[in-house]
Amino acid sequence: MTSDDSYRWWQDGIVYQVYARSFADADGDGVGDLAGIASRLDHPAWLGANAVWVTPFFPSPMVDGGYDVADYVGVDPAFGSLRDFDHLVGEAHARGLRVILDLVPNHTSDRHPWFVESRSSPDNPRRDWYIWRDAAADGGPPNNWISEFGGPAWTLDPGTGQFYYHAFASAQPDLNWRNPEVRHAIHDAMRFWLERGVDGFRVDVLWHLVKDEALRDNPANPDYVEGRDPPSRRLLPVYSADQPEVHEVVAEMRAVLDEYDERVLIGEIYLPVDRLVAYYGREGRGAHLPFNFHLILAPWDAREIEAVIDSYEGALPDDAWPNWVLGNHDLPRVASRIGDAQARVAAVLLLSLRGTPTLYYGEELGLRDVHVPDALVQDVRETNQPGRGLGRDPVRSPMPWDSTATGGFTTGVPWLPPGEGNLARSVAAQRDDPGSMLSLYRRLIALRHAERALAVGSYRPVPALGSILAYRRQHAERELLVCLNLAGVAGSLQLPDGFEAGRVLISAAGAAEGTEVRGHLELPGDEALVLEPLAPGGRAARER
């Protein structure tokens, strides 16, 4: 991309993820809803986000928090109505916020009318909409595939004597994406929401959609360690996911979005970098943004993170736009993984790298994982595998808007405990505190919007040692230097050519912005800086 105005909103913007059950509850039943989200849109707008991604709110038995969809073109009463959804879109657009929906096309609820028909008879026209197979010769499941939620990935249907496949819970049967009728039905559902003003989709488990046609057994994982790894990692998903034919499916989804202006297709994909980037497709026929989770998964170490960035940047196809994620609704929160001080450094990292950042609600407050007593556990991943600590409830706690008992989230009893520690980190407690995590995020986002070098500029690594990570961001004649210390002990960096003298634009640990540095940078522990170069006379070398 050569001209600055060629960048689209999903390239120079920031995506803010809202977990629908946990953001705001308008009707007092303790569960977040669409009206609640609409009432709190001023927050992501004030923060500087450009789009709000809302997790599933479709009709669902809620076995998996709404990721078990019983109707792709409706709203579950717990979340409100289609009128509430239309109001939400209108309120978002009025604030300059785009709306991205979660699309869950890999599987439905077992109560979806399609599956009810499919399991009614082997001769039903919708039988082939799902993956049904006879038992193996020994009467067991058709192959050795394992559910991501523990146990076999096949469930016997006594009524028809066949097994159906489910990559996740048994109440989430997988659709058969080799059937053209399935594809057309999901495309129609996408158009339903696009016609209502939706600006794009985040596609759940995109790499799972197509399975090996022969349903061959998966090989054993040689690196699996019993007791350390989840049971689902015992096998390598060679045949149950990431099949070559999936790219045709992605291209067809992209074609649906291309029928509309300025829409975005984002894919959830947990794969190594070389396989992840294949989901950009050829000639603009893939996902605009195959989600890159490698910052979440990598050890928090300067050289490890540097290697992740460099390998990803090096693997990107021509004209592919990068993206970065530090937290989501499935994995531990940043502050719980690396501590409060380093979470501030992580904020600078996320918002200064090249590519679209996605921010999980509450990360801007430094929220931590919440302890959920056994009696209050909701997540099927935990109830299926009790005692393993695999549940995702701790990262889905209600958003604390204030420090009252329910955090201003609801007038009722919250569906999950908000956590006393998180209540102390509420929006109200931090909004007017210039030293708070929330203020840091807002300043970082404002700087990113003001500096095209940060929003869309090139990335060049700067040699560094120990716990220091450094890189340049450049757009036109404007160049900035980002220096991060990924440890609690001090480190140093020789400022590179062009930055023999620099001025601090922003600091993670509270160094005075405007401070000048020259020659050799001593970076305290838990500090991250964005610097602009200074000319010999002390003025900015290149004005904005």
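Within the bounds of region 409-432, is there any residue that is in contact with a Leu (Cβ under 6 Å, 6 or more places away or on another chain), in contact (Cβ under 8 Å) with a residue 40 or more places away in the chain and closer than 22 Å to Thr55 by Cα? Yes: one or more hits.
Within region 115-132, the only residue that satisfies the criterion of being in a helix (DSSP H, G or I), in contact (Cβ under 8 Å) with a residue 40 or more places away in the chain and among the charged types (D, E, K, R) is Asp128.
Residues that are of a type in the set (D, E, K, R) and under 21 Å from the mean Cα position of the chain (by Cα) within region 243-264 comprise Arg254, Glu262, Arg263, listed in sequence order.
So that you can scan it fast, the table gives a plain yes or no per residue for (1) free of Cβ contacts under 8 Å to residues at least 60 places away in the same chain; (2) under 18 Å from Ser39 (Cα atoms); (3) among the aromatic types (Phe, Trp, Tyr):
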| position | (1), (2), (3) |
| --- | --- |
| Trp53 | no, yes, yes |
| Tyr67 | no, no, yes |
| Asp71 | yes, no, no |
| Asp76 | yes, no, no |
| Asp84 | yes, yes, no |
| His93 | no, yes, no |
| Leu103 | no, no, no |
| Pro113 | yes, no, no |
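Name the pairs: first residue in region 133-145 and in a loop (DSSP other than H, G, I, E, B), second residue of a type in the set (Ser, Thr, Tyr) and surrounded by 13 or more Cβ atoms within 10 Å (Cβ to Cβ), Cβ to Cβ under 7 Å, at least 6 apart or on different chains? Between residues of region 133-145 that are in a loop (DSSP other than H, G, I, E, B) and residues that are of a type in the set (Ser, Thr, Tyr) and surrounded by 13 or more Cβ atoms within 10 Å (Cβ to Cβ), the close pairs are Trp145/Ser240. If we keep just the residues of region 160-212 that are of a type in the set (Lys, Arg) and assigned to a helix (DSSP H, G or I), which is surrounded by the most Cβ atoms within 10 Å (Cβ to Cβ)? Applying the filter and picking the extreme gives Arg183. Within region 249-275, the set of residues being farther than 27 Å from Ala307 by Cα, in a helix (DSSP H, G or I) and touching a helix residue (DSSP H, G or I) at 6+ places or on another chain (Cβ under 8 Å) comprises Val249, Val250, Glu252, Met253, Val256, Leu257. Scan region 461-518 for residues that are part of a strand (DSSP E or B), hydrophobic (A, V, I, L, M, F, W, C) and in contact with a Phe, Trp or Tyr (Cβ under 7 Å, 6 or more places away or on another chain) and the total you get is 3. Restricting to region 45-101, give me the number of residues that are under 22 Å from Tyr441 (Cα atoms) and of a type in the set (Gly, Ala, Ser). Summing the residues that are under 22 Å from Tyr441 (Cα atoms) and of a type in the set (Gly, Ala, Ser) in region 45-101 gives 6.
If you go through region 371-398 and keep only what is of a type in the set (Val, Ile, Thr) and either surrounded by fewer than 21 Cβ atoms within 10 Å (Cβ to Cβ) or touching a Cys at 6+ places or on another chain (Cβ under 8 Å) (or both), you end up with Val372, Val377, Thr383. The set of residues in region 329-359 that are surrounded by fewer than 23 Cβ atoms within 10 Å (Cβ to Cβ) and of a type in the set (S, T, N, Q) contains only Ser336. Reported count of residues in region 377-405, each being in a loop (DSSP other than H, G, I, E, B) and either at pLDDT below 95 or farther than 17 Å from Ser39 by Cα (or both), is 17. Suppose the filter is touching a residue at least 40 places away in the same chain (Cβ under 8 Å) and more than 30 Å from Phe85 (Cβ to Cβ); does Arg233 pass it? Here the answer is no, as Arg233 does not meet what is asked.
Here's the yes/no breakdown for (1) surrounded by 18 or more Cβ atoms within 10 Å (Cβ to Cβ); (2) touching a Pro at 6+ places or on another chain (Cβ under 8 Å); (3) at pLDDT below 95; (4) not hydrophobic (A, V, I, L, M, F, W, C):
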site: Gly412; (1), (2), (3), (4): no, no, no, yes
site: Asp433; (1), (2), (3), (4): no, no, no, yes
site: Leu447; (1), (2), (3), (4): yes, no, no, no
site: Arg452; (1), (2), (3), (4): yes, no, no, yes
site: Arg460; (1), (2), (3), (4): no, no, no, yes
site: Ile468; (1), (2), (3), (4): yes, no, no, no
site: Arg473; (1), (2), (3), (4): yes, no, no, yes
site: Val482; (1), (2), (3), (4): yes, no, no, no
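Applying the condition of being in a loop (DSSP other than H, G, I, E, B) and under 14 Å from Arg337 (Cβ atoms) to region 280-299 and asking which residue is nearest to the chain's Cα centre (by Cα) yields Phe293. Would you call Arg282 closer than 25 Å to Ile506 by Cα and of a type in the set (D, E, K, R)? No: the conditions fail for Arg282. The combined condition, being basic (Lys, Arg) and farther than 28 Å from Gln430 by Cβ, is fulfilled by Arg83. Does Gly96 qualify as being surrounded by fewer than 22 Cβ atoms within 10 Å (Cβ to Cβ) and part of a loop (DSSP other than H, G, I, E, B)? Considered against the rule, which asks whether it is surrounded by fewer than 22 Cβ atoms within 10 Å (Cβ to Cβ) and part of a loop (DSSP other than H, G, I, E, B), Gly96 comes out as yes. One residue is enough: does region 300-311 have a residue meeting the conditions in contact with a helix residue (DSSP H, G or I) (Cβ under 8 Å, 6 or more places away or on another chain) and crowded, with 22+ Cβ neighbours inside 10 Å? Looking for residues that are in contact with a helix residue (DSSP H, G or I) (Cβ under 8 Å, 6 or more places away or on another chain) and crowded, with 22+ Cβ neighbours inside 10 Å, one finds none in region 300-311, hence no. Looking at this structure, is Val427 in contact with a strand residue (DSSP E or B) (Cβ under 8 Å, 6 or more places away or on another chain), buried (at least 17 other Cβ atoms within 10 Å of the Cβ) and among the β-branched types (Val, Ile, Thr)? Criteria not met by Val427.
Can you name every residue in region 342-396 that is of a type in the set (S, T, N, Q) and over 16 Å from the mean Cα position of the chain (by Cα)? Matches in region 342-396: Gln342, Ser352, Gln378, Thr383, Asn384, Gln385.
The values are calculated or read from the model by the stated rules, or taken from the named source; none is laboratory data. The shown structure was predicted, so the numbers you read here are calculated from the model rather than taken from an experiment. So basically every Cβ, Gly included, is an ideal-geometry build from the backbone, and we count neighbours across all protein chains shown.
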